[in-house]
Every structure is written in C-alpha cells, then in structure tokens.
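The values are calculated or read from the model by the stated rules, or taken from the named source; none is laboratory data. Keep in mind it's a predicted model, so treat the numbers as computed, not measured. Cβ placement follows ideal geometry from the backbone for every residue including glycine, while neighbour counts extend to all protein chains displayed. Surface areas here come from the heavy atoms of the whole protein model, side chains and all, with no ligands, DNA or RNA. Shrake-Rupley method; radii C 1.70, N 1.55, O 1.52, S 1.80 Å.
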Amino acid sequence: EFVWFGFLALFLGLLILDLSILHRESTTLSVKQALFWTAVWVSVAMSYAGVIYGLYEYRWLGFEPGPGVAGGADAVVQYVTGYLLEWSLSVDNIFVIALIFSYLKIPALYQYRVLFWGIVGAIVLRGLMIATGTALLAHFDWMFYVFGAILLISALRMLRDDDEAPDFGGSFPARLVRRFMPVSEELDRARFFVRRDGILHATPLFVALVMVELTDVVFAVDSIPAILAVTQDPFLVFTSNAFAILGLRSLYFAVAGLMVMFRYLKYSLVLILASGLALTGCQKK
C-alpha cells in the first residue's frame with residue numbers, strides 16, 4: 001500500500017540523513033548533544049501524529065484503518081501511547097547495550113555506528129514480529145493470555161538482583177559469529193570485517209552488532225505484547241515502534257551519561273510492564 005511505502009521511505013530518509021549528513025564521521029555525543037538530538041527525534045515522532053490524524057480521520061490516499069480505531073483522535077491517542085510505552089521500555093534495553101559495549105571494550109567513538117545498523121536490523125525484525133503478533137491475535141483470542149504471561153514473567157525477572165556481570169564472551173551471539181567465521185582480537189577502526197592473511201575475519205564491532213540485534217529481539221518480546229494491548233492496528237504499532245527506535249541512539253548516549261541517576265529504573269519498568277498486563281486483560285474483557 002502507498003501509505004506503508006511512503007512511511008518506509010520517510011523513515012529510511014531520516015536514517016540516511018542522520019548517518020550521512022548529521023553524523024558523517026564516527027563521533028561521541030556529549031550528554032547535552034544527546035539530549036538535544038533526543039528532543040529532535042521526539043519532536044519528529046510527535047509531528048507525525050498530525051499525519052496519523054489525517055490518515056484515520058479523512059482517509060488520505062485511500063488509507064483503510066485497522067481494527068479498534070474509531071477515528072483520527074482515537075488513532076493519535078493510540079499512536080502516542082504506543083510510542084511512549086516503547087520509548088520507556090527502550091531504556092532497559094540501553095543498559096544491556098552499555099554492558100555489551102563495556103565487555104567488548106568498544107570505544108564510544110564507534111558505538112554510534114553499531115547503534116545505527118542495529119536500528120536498521122531492529123526495524124526489519126520488529127516488523128516481522130509485529131506482523132506475526134497481530135496475525136495471532138486476529139485468529140486466536142487466547143493469545144491475549146500468552147502475551148499477558150510474557151509481560152508478567154518479564155516484570156518478575158526484573159526484580160531479581162544479579163550482582164554477577166554477564167559472560168558476553170561465552171554468550172550465544174559471540175559463539176554464533178565464531179561458528180561462521182573467525183573473529184579478530186582487535187578493532188580495525190569502524191569496520192565490521194577485516195581480511196587477515198587472505199581470510200575474512202569479523203571484528204569485535206560486528207560481534208557487538210549481533211549482540212545488540214539479538215538483545216533488541218529479546219526486549220521486543222516484552223514491548224510488542226505491551227503495545228498490542230494498546231492497539232492492534234498494524235500501522236500504528238509499526239510506526240510508533242519505528243519512531244521510538246529511531247531516537248534510541250541519542251537516548252543511549254544521554255542515559256549512559258546520566259547512568260547514576262537511574263538507580264530505581266528497573267522498578268519503574270516493572271510498573272510499566274504490569275500496566276501493559278492490566279491493559280491486556282481489560283482489552284480481552
């Protein structure tokens with residue numbers, strides 16, 4: 001459909017603008033710069049709410065709304081709610097990404113590149129997961145309870161205090177990369193692959209990218225059921241997720257610089273997931 005292609009073109013254009021123009025070279029962001037760009041991406045997402053209103057209220061370009069949307073105002077509320085929910089849950093993802101970069105000793109200078117390509121992969125993977133989730137809910141009502149159970153288990157898991165640092169070196173992503181190709185011990189600037197003695201090697205930067213991608217999939221298991229409790233309209237689910245992920249890189253550098261201020265973050269996330277569970281039950285009723 002034209003609206004879907006139009007949104008994908010807009011999103012890819014913003015990604016290209018971000019990488020090729022705004023941040024052409026690998027760079028680190030100060031907390032001030034990260035907060036500024038976070039505000040920019042939030043503003044872009046909120047501005048798109050006007051497009052959402054026109055599509056669902058006036059059927060621009062022959063757009064046909066999904067289930068459970070009464071009109072433009074209702075669509076905007078669901079879109080903004082989904083965006084804020086996904087944006088909030090992304091903070092927990094950021095802490096895990098920070099641990100990955102720390103363990104693999106990825107300099108802050110190259111983290112921006114990993115996060116950029118991580119976003120591209122996350123959009124593709126989440127699109128597939130959203131399509132699967134909405135299809136399951138459309139055909140099997142009992143999937144509401146499955147998604148609710150996922151949220152509850154995720155919330156309880158966050159309450160555990162894990163003092164030991166995760167062994168990322170022996171994790172599945174690192175072993176997966178080594179299964180297909182050798183991994184070099186050192187970084188080669190911002191490259192994901194290098195050729196040594198005629199043999200292609202993955203760099204630690206590529207291992208970090210794989211780990212970031214799989215981490216996003218794991219966290220999507222939490223966030224997608226939560227947003228499906230808010231709306232089952234595929235376009236609203238996908239656009240709100242996409243814009244939330246678009247600002248994830250800037251948000252990462254902002255949160256990483258203010259890490260000490262988020263002492264009670266996980267308890268807030270438990271409340272968010274529990275709220276998503278309650279919404280799931282209410283929508284089912």
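Side notes on the structure shown:
- Amide H to amide H distances under 5 Å link Phe193 with Thr203, where only residues 5 or more positions off or on other chains count and H is placed in the peptide plane.
- Using a probe of 1.4 angstrom and keeping all protein chains present, the accessible surface of the range 12-125 works out to 48 square angstrom per residue.
- J(HN,Hα) series, the range 78-91, from Karplus relation 6.51 cos²θ - 1.76 cosθ + 1.60, nearest Hz, glycine and proline x: 5, 5, 5, 4, x, 5, 5, 5, 5, 4, 5, 5, 5, 4
- Net length available on complete extension from Arg196 to Ala73 is 38.5 nm, with 0.36 nm assigned per residue and the Cα-Cα distance removed.
- Rounded to the nearest 0.05, the FRET efficiency derived from the C-beta distance between Lys32 and Tyr58 at R0 = 45 Å is 0.65.
- 3J(HN,Hα) from dihedral phi, the range 198-209, Karplus parametrisation 6.51/-1.76/1.60, rounded to Hz, x for glycine, proline: x, 10, 6, 10, 7, 8, x, 5, 5, 4, 4, 4
- Taking 0.36 nm per residue of separation and subtracting the Cα-Cα distance, full extension of the segment from Phe116 to Glu1 would add 38.7 nm.
- Ranking Trp60, Trp4 by solvent-accessible area of protein heavy atoms (1.4 Å probe, all protein chains present), from largest to smallest, gives Trp60, Trp4.
- Calculated from backbone phi, Karplus (6.51, -1.76, 1.60) coupling profile of the range 59-64 in Hz, x at Gly/Pro: 6, 3, 6, x, 5, 10
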